[in-house]
1. For residue 120, are the conditions met, namely being surrounded by 14 or more Cβ atoms within 10 Å (Cβ to Cβ) and either of a type in the set (D, E, K, R) or within 21 Å of residue 33 (Cβ to Cβ) (or both)?
2. Cβ-Cβ distance below 7 Å, separation of 6 or more or different chains: which pairs start in segment 97-114 with a residue that is under 14 Å from residue 38 (Cβ atoms) and end on one that is among the β-branched types (Val, Ile, Thr)?
3. Are there helices (runs of 4 or more DSSP H) fully within segment 50-139 with at least 2 residues that are of a type in the set (Gly, Ala, Ser) and within 16 Å of residue 151 (Cα to Cα)? List them.
4. Restricted to segment 46-102, and to residues that are more than 25 Å from residue 122 (Cα to Cα), small (Gly, Ala, Ser) and out of contact with any helix residue (DSSP H, G or I) (no Cβ under 7 Å at 6 or more places or on another chain), which residue is surrounded by the most Cβ atoms within 10 Å (Cβ to Cβ)?
Amino acid sequence: MTRAFRKKLLATTVAAAVFAPSVALAQDEQTFAEAQYRKDVMQHFNLSIKKILQNFQGNVQHPEHYAAIADIMANAATLSKAAFEKDTRSMEGPTKAKGEIWDNWEDFSGRMDKLVEDTAAFAEAAKSGDMGQIQPGFRRAVSQCKACHDLYKAD
């Protein structure tokens, strides 16, 4: 990946991080700020997963982006735990975060720590350019998503 490309990617990521919350708030004015923040952080993670899968499935051909996308996932994972630390059950407005997050903080927090660990390992694997490391690293990084959502995210 060229230095110029990395600079453009960084600038785009920063711009998205700065402007995405205001766009999302404009679309969903009912959501309170803490819930919207969590939603926005997780959206970066979700979009990264989609981009990796598009590549794996051959719908797009940008394997040179694996490392950058994996870094976005790792950064979003790191932000995710902090985004949930504040117990927002007493706040008014819609949220998909179940109260069990804070009732079972030790379990939830441990799952988030594992997500951080696995996405960091995936980011390292993605830098190798070796699909024999990238695909298993990706599977490991997203392996806990459904189980955590089943316990802690409302439908």
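1. In short, no.
2. Here the result reads 97/88; 108/101, each pair linking segment 97-114 to a residue that is among the β-branched types (Val, Ile, Thr).
3. Here the list reads 105-128.
4. 99
Coordinate-derived values only; no laboratory data. This is a predicted model, so every value here is computed, not measured. FYI the Cβ positions are ideal-geometry reconstructions off the backbone, even for glycines, and counts take in every protein chain you see.
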